[in-house]
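Okay, so here's the structure we're looking at.
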Amino acid sequence: MQLLASYLSGSWSQGQGPRASLVNPATEAPIAEVATQGHDLAAAFAHARSAGRRELAQLTFAQRGALLASLAKAIHGAREELIALAVANGGNTRGDAKFDIDGGAVTLSHYAELGAKLGAARILGDGEPIQIGRTARLIGQHIWTARHGVAIHINAFNFPGWGLCEKLAPALLAGMPVISKPATATAMVAHRMVELFAPLLPPGVLQLLVGPAGTLLDHTGPGDVVAFTGGSTTARTLRAHERMIAHSVRLNIEADSLNAAILGPDVDLASETGALFLADVVRDMTQKTGQKCTAIRRVLVPAGTEAAVFDVLRERLGGIVIGDPANETVRMGPLATAQQLRDVREGIARLASETEAVFGGTGEVTPVGVPAGKGYFVGPVVRTTPTPLECAALNDHEVFGPVTTVGPYANDAALAAQFIARGEGCLVSSAYSDDRDWVASFVGQAAPWLGRLYLGSAKMAAQSPGPGTVLPSLTHGGPGRAGGGEELGGVRGLHGYMQRTALQGDATVIKSLLA
Ligand code: NAP
């Protein structure tokens, strides 16, 4: 049995103490272990603060970008091996695994290209010079420099590959050394990626902690950044951490999200826009077995169209083969962990107390290619409620699995926006309409509740990746329940790892800094 090692202070160490098992969620067979104690985290922080910071400070944006390009290349070179790990340890189908792993490589490449564009600089300018004196001699200029600390990355179980890369790329390009902690249950992909990355990076620039966080946050200090993706309960613990509060450690949180999809009143289901809406709902329910932070959980359709929508969902979801993703016919694998299965079943039961069944009952399923009684499987579940705005089970609890609930509305853009707002802050939501007046009215009211808003229409349907795909060029994060954080978004993603300073002084001196 492989005992996964952490990469800390320049060497691989397996830790000590009790061990946690990593399993194949389709069969429940143990496939690796991690030790839960015994790492010298103080030394790891010191290594990042000295060697890691020094090495990055010497590099220009272009040189850091070149490092990121080499990491993307390393992923491409080991793609099949990484996909196999994601299938075995994450319950991913091959398609799910590619979504995670290729998504990581794409994000690294995006930031590699951004580094090349930013060139030989180490400081970023922010806006134009501002005359603040009597003459143009005295100016103000905002600048961004790398924060003087360590970026601590804590990731969720669902995207071990992409999660590692989407946080690593902007942090390294900004100039901050990273300590990355994947979720324990699905750590194998991130572990292998760091095995590939470590020889390509200068000392101290990237470290990996596998296993529980332990005292990780007790070592944080004033210049550090903690970027967290996971559940809102853990997020609350991080927010309340004494050291994080005492040192104003910057904290970015990506947490729960009750993303919605709205079908506009003008849309015929047989149209391109209608087809896009249906394809997006089905994809988001089943891709990664619904374990995407961006997946559609709540659906609003014009009153009177519910039956037609249900017919299509029943037909498409009924054709999806569920089972061990190692079996090539399988289109949807298990949930990632036993805890996930308990949580999703609990979530379905809560929904069942307030909604009607449309498809999939409470998620019971007989998976193919799996020993009887084994695996963390749940089938796709569609529920419905006649009163979607009032339904607490729908609007107050994220069910992190292949579950969605559909309700009707009276075509009004204001009502659709109120439905979005009932999620109390989402990473993303989508609206499908070719009526520009309806869209304009909806966007103004819904956008403040959303980190990203996807506008589905006939003209873009052929090239759309769907609302569930996070792009490195656009920001990822959302207000309220979604954690209030923001990552990615091209150069904006660097700002989370940099300090903005307002310079005041002689125009020629300041301009020379940014030349
Ligand atoms: P989680 O239990 O909150 O764990 C997330 C990460 O936090 C894991 O790496 C976990 O480590 C770590 N962690 C747990 N307790 C900690 C502590 N006291 N200090 C520091 N780190 C700690 O979340 P999860 O089970 O991975 O995912 C569950 C939920 O996350 C989902 O239900 C979903 O709502 C949300 N989620 C949100 C997004 C997003 O982008 N917004 C993405 C994915 C998931 P261990 O694994 O070692 O416990």
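FYI, it's all coordinate maths here, none of it is from the lab. Here the structure is a predicted model, which means the values were calculated and not measured. Positions of Cβ are generated from backbone atoms using ideal geometry, with glycine treated the same way; all protein chains shown enter the neighbour counts.
Each other residue within a Cβ distance under 11 Å of A57 adds +1 if Lys or Arg and -1 if Asp or Glu, for a net charge of +3. Using the Cβ-Cβ distance between A458 and A120 with R0 = 60 Å, the FRET efficiency computed as 1/(1 + (r/R0)^6) comes to roughly 0.85.
When you restrict to C-alpha pairs under 8 Å that are six or more residues apart and normalise by the size of the chain, the relative contact order lands at 18 percent. Here the gap between R436 and A308, fully extended at 0.36 nm per residue and compared with their Cα-Cα distance, gives a gain of 43.7 nm. With a Förster radius of 25 Å applied to the C-beta separation of V443 and D396, the computed FRET efficiency comes to 0.50.
Pairs of Cα atoms nearer than 8 Å and 6+ residues apart set the relative contact order; for the range 133-207 it is 32 percent. Taking the chain as the reference, fit the longest principal axis to its C-alpha atoms, fit the long axis of helix 160-174 to the helix C-alpha atoms, and give the angle between the two in degrees, 0 to 90, nearest 10. Here the helix axis deviates by roughly 30 degrees. Placing dummy labels 7 Å off each Cα toward the beta-carbon, the span from A42 to S512 is 4.4 nm.
The Cα center of the range 32-66 and the Cα center of the range 406-420 differ in position by 48 Å.
Based on the mean of other Cβ atoms within 10 Å per residue, sort peptides 146-152, 122-128 so the most packed one is first.
Descending packing order for the listed peptides: 146-152, 122-128.
Take the Cα of Q63, step 7 Å along the line toward its Cβ, and report every residue of the range 86-127 whose backbone nitrogen sits under 17 Å from that point. From the range 86-127, the list is 112, 115-124. Against the main long axis of the alpha-carbon atoms of the chain, helix 306-318 sits at an angle near 70°.
Bridge orientation summary for the chain: considering DSSP beta bridges with both residues in this region, about 40 percent are antiparallel. From most to least packed by mean Cβ count within 10 Å, the peptides 436-446, 322-332 give 322-332, 436-446.
By the count of other C-beta atoms within 10 Å, a proxy for reagent exposure, Y376, Y432 are ordered fewest to most as Y376, Y432. Net charge of the neighbourhood of K117, taken over other residues with C-beta under 15 Å away and scored Lys/Arg +1, Asp/Glu -1, is +2.
The mean sequence distance of close C-alpha pairs (under 8 Å, at least 6 residues apart), as a share of the length of the range 227-326, puts its relative contact order at 26 percent.
Taking other C-beta atoms within 10 Å as the exposure proxy, I154, I510 rank I510, I154 from fewest upward. Counting only alpha carbon atoms, the long axis of helix 79-90 and the longest principal axis of the chain meet at about 60°.
Packing, as the average of other Cβ atoms within 10 Å across residues, places the peptides 29-39, 392-402, 237-247, 421-431 in the order 421-431, 392-402, 29-39, 237-247, highest first. So if I take the centroid of the Cα atoms in the range 113-192 and the same for the range 356-377, what is the distance between those two points in Å? When both Cα centres are located, 42 Å separates them.
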